[in-house]
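The values are calculated or read from the model by the stated rules, or taken from the named source; none is laboratory data. Because the structure is predicted, anything quoted here is derived from the model rather than measured. Heads up, the Cβs are rebuilt from the backbone with ideal geometry, glycines too, and the neighbour counts pull from every protein chain shown.
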Amino acid sequence: MPSKQVKEILDHVRSVHQKLKKVCHQLGSQETDPRMKLLFEYIERHEEAFNTSVRRFEKDAGGHGLLETWLQFTSDEFIDEDFKELELTSEMSAEEIVENVLAFDTKLVAIYRDLADSTSSSQLKELFNDLVQFEEDKERQYAKMMQDW
């Protein structure tokens with residue numbers, strides 16, 4: 001079974017979040033509806049917060065060898081395919097956009113849970129469980145935001 005270092009896994013996940021941020025920035029910059037513009041900015045900020053959190057972990061873990069830990073990981077292709085399926089367009093409603101982003105995040109949560117279960121390192125378990133929590137918090141925030149919409 002293919003293995004990857006934690007650093008490689010985090011780099012890949014962070015790059016996908018960065019791509020989502022870029023898509024939202026592009027759509028938001030073309031959007032004329034102020035509420036939709038705000039939604040794209042909100043998603044963009046969340047994606048940046050995610051990337052900042054991962055970079056902070058990498059900085060803190062740098063000297064401890066955690067980033068060089070090898071884990072069984074075969075989800076690279078799935079992450080890329082799932083991102084390709086994440087269609088966001090300016091013609092979509094806010095509900096459709098949030099639904100699509102959350103569907104993508106749900107798939108990432110499953111990967112983070114698998115990674116947490118696959119390691120014996122308590123620090124890596126904590127990292128991947130924190131990523132699960134981060135995504136689940138986002139889901140609650142989006143649900144509240146859509147209620148207020």
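So the values come out like this:
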read-out	value
Odd one out for Trp149 among (1) under 30 Å from Gln30 (Cβ atoms); (2) crowded, with 17+ Cβ neighbours inside 10 Å; (3) of a type in the set (Phe, Trp, Tyr)	(2)
From the options Glu77, Glu85, Glu91, residue that is surrounded by fewer than 12 Cβ atoms within 10 Å (Cβ to Cβ) and over 21 Å from Gln18 (Cα atoms)	Glu91
Test: Asp137 is loosely packed, with under 13 Cβ neighbours inside 10 Å, modelled with pLDDT of 90 or more and acidic (Asp, Glu)	yes
Condition check for Arg35: under 30 Å from Lys4 (Cα atoms), out of contact with any strand residue (DSSP E or B) (no Cβ under 9 Å at 6 or more places or on another chain) and modelled with pLDDT of 90 or more	no
Flag if Leu71 is in a strand (DSSP E or B) and either hydrophobic (A, V, I, L, M, F, W, C) or in contact with a Pro (Cβ under 7 Å, 6 or more places away or on another chain) (or both)	yes
Flag for Ser122 being among the polar types (S, T, N, Q) and touching a strand residue (DSSP E or B) at 6+ places or on another chain (Cβ under 6 Å)	no
Residue match in the range 60-73 (condition: surrounded by 13 or more Cβ atoms within 10 Å (Cβ to Cβ), within 20 Å of Lys138 (Cα to Cα), in contact with a helix residue (DSSP H, G or I) (Cβ under 6 Å, 6 or more places away or on another chain) and touching a residue at least 60 places away in the same chain (Cβ under 8 Å))	no
Pairs, first within 18 Å of Leu115 (Cα to Cα) in the range 1-28, second among the acidic types (Asp, Glu) and in a helix (DSSP H, G or I), C-beta under 7 Å, six or more apart	Gln5/Glu68; Lys7/Glu68; Leu10/Glu58; His12/Asp76; His17/Glu47
Sole residue being more than 16 Å from the chain's Cα centre (by Cα) and within 21 Å of Val109 (Cβ to Cβ), chosen from Lys59, Lys21, Lys4	Lys4
Pairs, first free of Cβ contacts under 8 Å to residues at least 24 places away in the same chain in the range 85-101, second assigned to a helix (DSSP H, G or I) and among the polar types (S, T, N, Q), C-beta under 8 Å, six or more apart	Glu87/Asn100; Met92/Asn100
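One line per residue, one yes/no per condition, for (1) touching a Leu at 6+ places or on another chain (Cβ under 7 Å); (2) farther than 17 Å from His12 by Cα; (3) among the aromatic types (Phe, Trp, Tyr); (4) assigned to a helix (DSSP H, G or I):
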| site | (1), (2), (3), (4) |
| --- | --- |
| Gly28 | no, yes, no, yes |
| Leu38 | no, yes, no, yes |
| Glu44 | no, yes, no, yes |
| Asn51 | no, no, no, yes |
| Gly63 | no, yes, no, yes |
| Phe83 | no, no, yes, yes |
| Thr106 | no, no, no, yes |
| Ala110 | no, no, no, yes |
